[in-house]
1. Going from the alpha-carbon gyration tensor of the chain, what semi-axes, largest first and in whole Å, does one get by taking the root of 5 times each eigenvalue?
2. Could you sort Cys25, Cys34 by their accessible area in this structure, using a 1.4 Å probe and putting the largest first?
3. Please say if segment 63-114 is rounded, prolate or oblate, where rounded means a/c under 1.5 for a ≥ b ≥ c the square roots of the C-alpha gyration tensor eigenvalues, and otherwise the choice is prolate for a/b larger than b/c and oblate otherwise?
4. So how much accessible area does Phe106 have, in Å² to the nearest 10, using a 1.4 Å probe?
5. How are the Cα pair distances of segment 29-117 distributed, in percent, across 5 Å bins from 0?
6. GNM on the chain, C-alpha springs below 10 Å: top fluctuator among Phe49, Phe58, Phe105?
7. Please give the contour-minus-distance gain from Leu130 to Leu22: 0.36 nm per residue of separation, less the Cα-Cα distance, rounded to one decimal in nm.
8. Put a dot 7 Å past each Cα toward the Cβ at Asp85 and Ala121; how far apart are the dots in nm?
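The values are calculated or read from the model by the stated rules, or taken from the named source; none is laboratory data. Here the structure is a predicted model, which is why all the values come from computation and not from measurement. Note that each Cβ is placed from the backbone with ideal geometry, even for glycine, and that neighbours are counted across all protein chains shown. Accessible surface is based on the protein model in full, side chains and every heavy atom, while ligands, DNA and RNA are left aside. Shrake-Rupley method; radii C 1.70, N 1.55, O 1.52, S 1.80 Å.
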Amino acid sequence: MTLSMRHGMDGVDRALQGLNALVLCVMLLGMLGCVFANVLSRYLFAVSFAWAEEAARFLMIWTVFLGAGLALRHGLHVAVTLLTDAVPPLRRPLFWLGFAVTFAFFALLLRYGLEYAGFAARQRSTILRLPMYWVYMAVPVGAGLALAHMVLGLRAPPLWAATAAPAGQG
């Protein structure tokens, strides 16, 4: 890979992470606004917004799936390192095994998420009357983002390098 290609990939990577984080922030603020407005209205005016709970739920679904790949990218998911800590020479092969299994999981989630979203396209949400297709699309979009984060994350030092054992063991 040439230096200019590497710089270009760095730009794409930073843009993807920044855009992903920005969308997550907007969704979290939207969810907070819906819930806060509904609680405030309920206690101050004894009026509840029927749409607020459903909107907050749908925003939560999208936030979870869009955030999963970004969290994976930054190592924020729970990891069990008992075996790799006990047997340092297994760090590298176990990393790649975990990577392959996780990649396959997200690839399957993408494929079947698209299929299920298409199946749900005729359904509408109860209050907002949104096509459920848009709610279920959170699954394949999030899986696709997770795959992109995994592939782009390969350009950074691997996980075992950050927790490497003394030279010659990892």
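1. Equivalent-ellipsoid dimensions as semi-axes: 38, 19, 17 Å.
2. From most exposed to least exposed: Cys25, Cys34.
3. Taking the square roots of the gyration eigenvalues as a ≥ b ≥ c, segment 63-114 is oblate.
4. 30
5. 3, 11, 13, 15, 12, 11, 10, 9, 7, 5, 3, 2, 0
6. Phe49
7. 36.5 nm
8. About 4.9 nm, to one decimal.
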